[in-house]
1. Mind checking which pairs have a first residue in segment 22-50 that is more than 20 Å from E93 (Cβ to Cβ) and a second that is among the aromatic types (F, W, Y) and assigned to a loop (DSSP other than H, G, I, E, B), Cβ under 8 Å, 6 or more apart or different chains?
2. Going through segment 40-65 one residue at a time, which ones are assigned to a loop (DSSP other than H, G, I, E, B) and basic (K, R)?
3. What is the residue count in segment 47-90 for residues that are surrounded by 18 or more Cβ atoms within 10 Å (Cβ to Cβ) and aliphatic (A, V, I, L, M)?
4. Out of all the residues in segment 20-42, is one or more surrounded by fewer than 18 Cβ atoms within 10 Å (Cβ to Cβ) and touching a Gly at 6+ places or on another chain (Cβ under 9 Å)?
5. Between a first residue in segment 97-112 that is modelled with pLDDT under 90 and a second residue that is surrounded by 12 or more Cβ atoms within 10 Å (Cβ to Cβ) and of a type in the set (V, I, T), which pairs have beta carbons less than 6 Å apart while being 6 or more apart in sequence or on different chains?
6. Give me the pairs: first residue in segment 1-16 and among the hydrophobic types (A, V, I, L, M, F, W, C), second residue at pLDDT below 95 and surrounded by fewer than 10 Cβ atoms within 10 Å (Cβ to Cβ), beta-carbon distance under 8 Å, and six or more apart or on different chains, which are they?
Amino acid sequence: MGEGADKVIVVDSRAREAWDMGRVAGAVHLPRLEIAARHGEVLDRDALVVVYCWGPGCNGGVKAALELARLGYRVKEMIGGFEYWAREGYPVETAAGVSRRSPDPLTAPVAGITCAC
């Protein structure tokens, strides 16, 4: 995100146990079942909200995005969720700090090969 770009808030909509296992570095924790009660505490109405859950086999991110859209937020879903974020080698945060793993060649181009999509 460059200077002058919209403010972005990344929201992890998973349960506490999943959050504790690792999350997108810098994300805020707002489990889907707590959105109605807590959205005003952690979100800025002027920001673009990007929501994720576990991965492509989970629809928790879609449900959270829909709920936030109904509350009037500009919202997008992070396709692939936390699973693909971590597998593609992006920063993962835990209580121990931030780390990166090597990208999984089945999910991220590591040798200059792209999907050309």
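The values are calculated or read from the model by the stated rules, or taken from the named source; none is laboratory data. Keep in mind that this is a model prediction, so the values were computed, not measured. Glycine also receives a Cβ, built like all others from the backbone with ideal geometry; neighbour counts cover every protein chain displayed.
1. If the second residue must be among the aromatic types (F, W, Y) and assigned to a loop (DSSP other than H, G, I, E, B), the pairs left are H39/Y73; R45/Y73.
2. The initial filter retains those residues of segment 40-65 that are assigned to a loop (DSSP other than H, G, I, E, B), namely 43-47, 53-59.
R45, the sole residue that qualifies.
3. Result for segment 47-90: 9.
4. No, segment 20-42 has no match at all.
5. Hits for this filter: P103/V110.
6. V8/M1
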